[in-house]
1. So, in the stretch 121-135, of the ones that are at pLDDT 95 or above and among the hydrophobic types (A, V, I, L, M, F, W, C), which residue ends up nearest to the chain's Cα centre (by Cα)?
2. Is there a residue in the stretch 81-90 that is surrounded by 15 or more Cβ atoms within 10 Å (Cβ to Cβ) and in contact (Cβ under 8 Å) with a residue 40 or more places away in the chain?
3. Within the stretch 206-231, can you find the residues that are at pLDDT 90 or above and either under 30 Å from Ile95 (Cα atoms) or not in a helix (DSSP H, G or I) (or both)?
4. Looking only at the stretch 179-194, filter to residues that are within 20 Å of Gln97 (Cα to Cα) and among the polar types (S, T, N, Q); which one of those is surrounded by the most Cβ atoms within 10 Å (Cβ to Cβ)?
5. For the stretch 123-136, give me each residue that is farther than 14 Å from Tyr201 by Cα and of a type in the set (D, E, K, R).
6. I'd like to check something: does the stretch 106-114 contain any residue that is at negative phi, part of a helix (DSSP H, G or I) and surrounded by fewer than 15 Cβ atoms within 10 Å (Cβ to Cβ)?
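The values are calculated or read from the model by the stated rules, or taken from the named source; none is laboratory data. Since this is a predicted model, take the numbers as computed values, not measurements. Note that we place each Cβ from the backbone using ideal geometry, even for glycine, and neighbour counts take in every protein chain shown.
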Amino acid sequence: MFFFDMLISGSKRHRSIFVFAILFWAMFLFACNQSSTATANDLADNPADPQTMLQEAEAAFAAGDFEAAFELSQQVVQVSPEDEAAWEMIRLATIAQAGDEYLRWLPDGRYQLSPEDFLAEQANGRDYFILDVRELDAYQDGHIEDAVNIPLRELLNNTEQLPDTAVPILVYCCSMRRSTHALVILRQLGYVQAFNLAGGYTAYEEFITNNLAPTPGPTPTLEPVDNSDGC
């Protein structure tokens, strides 16, 4: 009633202020409504992409970020509950996180072989199944001779490629992060002779370069040539 009286009987200045306030409030409400509509349309036009999230989860797992892989996979199953690949990633990430907790209590050097000891045992006739748990592109860039490539995220789905549990296994990756988790899985599967390559493939390459590279022989002494016969 106050506003109505001011509009009818107020001064010209008061009426102008009142009309301006009404117009401003109307424009504000209109803008809010447009913003809400745009947000709703954006969500409708750009729904969460389960495949993109799953790829990000796989990349996180491959990088050793198992917590991120778990969380991203959870988001996938919230959007797509029937996605078996996402449930499998949740399972793998859960195992890997449990492995992280186990590894915190594992003494340094336990179940490890240095490159030198591994090569010495090979030379003495001990036949290892060599397991490379890096991604395929890293394996293709270089690997230990006769190594079989099964990326860590695919290990539990490819156990048929593993030998009998009585066969000793040497597992490696670049820096021992993934290979240590693979070691936990292998020992849970019954491979009591599974060992981790200390220092990973990086240490192996360094050892090969520094110790097994061909050494140049003595510089040959050239005998003076007698050209007196014109040859």
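1. Filtering the stretch 121-135 for residues that are at pLDDT 95 or above and among the hydrophobic types (A, V, I, L, M, F, W, C), the one nearest to the chain's Cα centre (by Cα) comes out as Val133.
2. yes
3. none
4. Among those that are within 20 Å of Gln97 (Cα to Cα) and among the polar types (S, T, N, Q), it is Ser179.
5. Arg126, Asp127
6. no
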